[in-house]
Amino acid sequence: MITFEHVGKTYGDWTAIDDLSLHVAEGEFCVLIGPSGSGKTTTLKMINRLIEHDRGRILFEGAEIRSFAPEQLRRRMGYAIQSIGLFPHWTVEENIGAVPRLLGWPKSRIRDRVTELLGLLALEPERFRDRYPRHLSGGQQQRVGVARALAADPSVLLMDEPFGALDPVTRDTLQAEMLRIHKASGTTIVLVTHDIDEAIRLGSRIVILDGGRIVQSGTPRAILTKPANDFVADFVGREDIGIKLLSIERVSDRMRPGETAEGEPIAADASLRHALSLFVARGIDRLPVIGPSGTLAGAIRLADLTGGPT
Ligand SMILES: Nc1ncnc2c1ncn2[C@@H]1O[C@H](COP(=O)(O)OP(=O)(O)O)[C@@H](O)[C@H]1O
Ligand SMILES: [Mg+2]
């Protein structure tokens, strides 16, 4: 879907991006992560030509991005940023409908789409559609920013620290919503973060940048279990790698179907990290598991957490 071939970008005599090659496949949730100044924002903005690369090639659906007019590219690529960038004098509905209006969608279709997106992002349509951004909390504004980026069913969603500056609860909710949206829509997503836990939770692939170069690219499991060098090992945190590994697996991956256990059950789609927390907090070694339909599906034992793939 998006391919970087030996891409470089220099600001004056500062090399911000150096010989970057990367392929983001259709439907992938690719997370770019790295320390401040490592080139994450520059990489993202080169995709929709907010920044022009000066060496190598960037392809979108097989064609060099310079063969598209920037506006054409941006209409096909939703873009959401931390500072939100909502138009202050436009209502929520006008903000979300910005790209569909440019594309000439009929009013009724825009209205229906706004209703759908507000619902998707847990903002009651009738309460929120006519409000102005200043009458929304930071978390609500950020949701509207995400809804706006999704409005015209973009082929690609580019997000630059979209959940930065949010309280942990709101961030957690929005991350869960992003995962749900990605699953439901199959949109290709490239998301920038500096938060390794966010990267592990969201990414089907994590690309670690340092000094404008890719130091490692792989699944969350590969990054955690086979860090390419000391920089990556330090970056993911050596001490709680086990806990992070538990966070990328579901109870359903390890449960024993049909087995029974006492007590308050855990959901099959909960993480093993959540299961560990319950084992420790309750001082028990078995938990009943309920499936998606709400019926008992089996049990999981404390010892099951240490088995399985590594
Ligand atoms: N317009 C610019 N002019 C000069 N240097 C810049 C400009 N934009 C970014 N840089 C530099 O390029 C490097 C990468 O920046 P950026 O992509 O914003 O990093 P990140 O998003 O990972 O924090 C940094 O060293 C930054 O200072
Ligand atoms: Mg940045």
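Using the structure shown, decide if Lys107 is over 30 Å from Asp234 (Cα atoms), modelled with pLDDT of 90 or more, out of contact with any strand residue (DSSP E or B) (no Cβ under 9 Å at 6 or more places or on another chain) and more than 16 Å from ligand 2 (Cβ to nearest atom). Spelling it out, Lys107 is indeed over 30 Å from Asp234 (Cα atoms), modelled with pLDDT of 90 or more, out of contact with any strand residue (DSSP E or B) (no Cβ under 9 Å at 6 or more places or on another chain) and more than 16 Å from ligand 2 (Cβ to nearest atom). Pairs are defined by a Cβ separation below 6 Å, a sequence spacing of at least 6 or placement on different chains, a first member in the stretch 34-54 that is part of a helix (DSSP H, G or I), and a second member that is among the acidic types (Asp, Glu) and within 14 Å of ligand 2 (Cβ to nearest atom); the pairs so defined are Thr41/Asp160; Leu44/Asp160. Flag not set for Ile81, criterion: touching a Ser or Thr at 6+ places or on another chain (Cβ under 6 Å), more than 21 Å from Glu116 (Cα to Cα) and open to solvent by less than 70 Å² (accessible area, probe 1.4 Å). Would you confirm whether any residue within the stretch 116-139 is out of contact with any Cys (no Cβ under 6 Å at 6 or more places or on another chain), without any contact (Cβ under 8 Å) to a residue 40 or more places away in the chain and basic (Lys, Arg)? Taking every residue of the stretch 116-139 in turn, at least one turns out to be out of contact with any Cys (no Cβ under 6 Å at 6 or more places or on another chain), without any contact (Cβ under 8 Å) to a residue 40 or more places away in the chain and basic (Lys, Arg).
For the stretch 1-32, taking the residues that are open to solvent by less than 10 Å² (accessible area, probe 1.4 Å) and more than 16 Å from ligand 2 (Cβ to nearest atom), the one that is nearest to Thr219 (Cα to Cα) is identified as Phe29.
For the stretch 7-24, filtering for residues that are more than 15 Å from ligand 1 (Cβ to nearest atom), touching a residue at least 24 places away in the same chain (Cβ under 8 Å) and more than 12 Å from Thr43 (Cα to Cα) leaves 1. Screening Pro35 with (1) open to solvent by less than 10 Å² (accessible area, probe 1.4 Å); (2) within 12 Å of ligand 2 (Cβ to nearest atom) gives one miss only, at (1). Which number in (1) within 17 Å of the chain's Cα centre (by Cα); (2) hydrophobic (A, V, I, L, M, F, W, C); (3) on the phi > 0 side of the Ramachandran plot marks the one condition that Ala122 misses? The single condition Ala122 does not satisfy is (1). In the set (1) away from ligand 1 (no atom under 16 Å from the Cβ); (2) within 23 Å of the chain's Cα centre (by Cα), the condition left unmet by Val31 is number (1).
With respect to the conditions (1) more than 25 Å from Ile223 (Cβ to Cβ); (2) among the hydrophobic types (A, V, I, L, M, F, W, C); (3) more than 15 Å from ligand 1 (Cβ to nearest atom), Ile51 lacks only one, and its number is (3). Counting only helices (runs of 4 or more DSSP H) that fall entirely inside the stretch 109-198 and contain at least 3 residues that are surrounded by 21 or more Cβ atoms within 10 Å (Cβ to Cβ), the qualifying elements are 138-150. Number of residues in the stretch 212-236 that are in contact (Cβ under 8 Å) with a residue 40 or more places away in the chain and either touching a Gly at 6+ places or on another chain (Cβ under 7 Å) or open to solvent by less than 20 Å² (accessible area, probe 1.4 Å) (or both) equals 2. A single member of Asp130, Asp160 is among the acidic types (Asp, Glu), closer than 15 Å to Cys30 by Cβ and touching a Ser or Thr at 6+ places or on another chain (Cβ under 7 Å), and it is Asp160.
The values are calculated or read from the model by the stated rules, or taken from the named source; none is laboratory data. Treat the numbers as computed from the prediction; the structure is a model and nothing was measured. Cβ sites come from the backbone with ideal geometry, for glycine too, and all protein chains shown count toward neighbours. Protein only, heavy atoms only, side chains kept; ligands, DNA and RNA dropped before computing areas. Shrake-Rupley method; radii C 1.70, N 1.55, O 1.52, S 1.80 Å.
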